[in-house]
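All remarks here apply to the structure that follows.
The values are calculated or read from the model by the stated rules, or taken from the named source; none is laboratory data. Everything quoted here is computed from the prediction, not taken from an experiment. Cβ placement follows ideal geometry from the backbone for every residue including glycine, while neighbour counts extend to all protein chains displayed.
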């Protein structure tokens with residue numbers, strides 16, 4: 001494991017050192033999950049979009065996605081009508 005100190009620029013960008021980007025094969029369009037822990041640790045996890053898409057195809061096969069999306073939209077709209085902020089996805 002490599003540990004380095006980096007900074008955040010005015011635009012909120014964090015530079016991932018070249019050595020780490022190369023070892024993890026991070027490219028300009030790499031997808032990263034950003035997560036905050038209760039103890040103030042920020043986690044960046046490389047995501048494999050193809051793997052996620054393949055897993056979703058298997059797990060959602062035969063499910064009515066339009067119906068699921070409709071329920072989510074209805075719930076979100078109802079919360080907005082009540083003055084609540086829509087929830088974000090969190091783990």
Identify the residue in the stretch 8-42 that is closer than 21 Å to residue 52 by Cα and exposed (fewer than 10 other Cβ atoms within 10 Å of the Cβ) and, among all such residues, is farthest from the chain's Cα centre (by Cα).
25
Going by the conditions given, is residue 35 in contact with a helix residue (DSSP H, G or I) (Cβ under 8 Å, 6 or more places away or on another chain) and at pLDDT 90 or above?
no
With surrounded by 10 or more Cβ atoms within 10 Å (Cβ to Cβ) and more than 13 Å from the chain's Cα centre (by Cα) as the only criterion, which of 47, 56 stands out?
56
So residue 12, is it at pLDDT below 90 and part of a loop (DSSP other than H, G, I, E, B):
no
One residue from 74, 25, 67 being assigned by TED's automatic domain parsing to the domain that holds residue 3 and either closer than 30 Å to residue 1 by Cα or not in a loop (DSSP other than H, G, I, E, B) (or both)
25
Pairing a residue in the stretch 31-59 that is in contact (Cβ under 8 Å) with a residue 40 or more places away in the chain with any residue that is in a strand (DSSP E or B), where Cβ atoms lie under 9 Å and the two sit 6 or more apart in sequence or on different chains, gives 35/42; 35/43; 35/44; 35/45
